[in-house]
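First the structure, in the form of structure tokens, and then the observations on it.
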Amino acid sequence: MPWKTTDDGLIVAIRLTPKGGRDRLDEIIETDTGNYIKARVSAPPVDGAANKALIKLLSKIFGVPKSKIRFISGETSRIKRISIEGDPTQLTETLLRIVSGGAV
């Protein structure tokens with residue numbers, strides 16, 4: 001799985017596509033280098049706009065304040081590891097619903 005639970009939330013591996021149409025999380029993608037959740041945002045990868053759009057999207061999807069979402073790694077690459085603070089069970093259920101066809 002491209003995520004793992006922690007005592008205070010989730011750590012998620014995301015492959016971000018800037019200028020990818022509407023803002024949304026898609027399916028899980030499996031590659032030789034790992035598994036990721038595919039995300040698209042309409043913002044360009046300029047001056048951190050795509051990262052800000054991703055944080056805003058995750059905040060909306062998971063119902064947590066933007067301050068509870070932070071980059072662990074990958075701020076300047078397509079592959080990002082992101083920490084989302086909150087109830088791990090609730091966050092996992094939301095993520096499973098989305099990646100199994102309920103894309104947001």
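The values are calculated or read from the model by the stated rules, or taken from the named source; none is laboratory data. As the structure is a prediction and not an experimental result, all values here were calculated from the model. So basically every Cβ, Gly included, is an ideal-geometry build from the backbone, and we count neighbours across all protein chains shown.
Observations on the structure shown:
- Residue list for the range 95-104, filter: assigned to a helix (DSSP H, G or I) and either touching a Cys at 6+ places or on another chain (Cβ under 6 Å) or without any contact (Cβ under 8 Å) to a residue 12 or more places away in the chain (or both): Leu96, Arg97
- If you filter the range 79-99 down to residues that are of a type in the set (A, V, I, L, M) and closer than 15 Å to Pro65 by Cα, you find that the one that is surrounded by the fewest Cβ atoms within 10 Å (Cβ to Cβ) is Leu91.
- The set of residues in the range 42-70 that are surrounded by 15 or more Cβ atoms within 10 Å (Cβ to Cβ) and closer than 20 Å to Thr6 by Cβ comprises Leu54, Ile55, Leu58, Ser59, Ile61, Phe62, Val64, Lys68, Ile69.
- Test: residue in the range 18-26 that is outside any loop (DSSP other than H, G, I, E, B) and among the acidic types (Asp, Glu): yes
- Search result, residues across the range 52-80 that are assigned to a helix (DSSP H, G or I) and of a type in the set (Phe, Trp, Tyr): Phe62
- A residue that is touching a helix residue (DSSP H, G or I) at 6+ places or on another chain (Cβ under 9 Å), over 19 Å from Arg15 (Cβ atoms) and in a strand (DSSP E or B) occurs somewhere in the range 81-94.
- Any hit, the range 38-51, residues being assigned to a strand (DSSP E or B), over 19 Å from Arg70 (Cβ atoms) and modelled with pLDDT of 90 or more: yes
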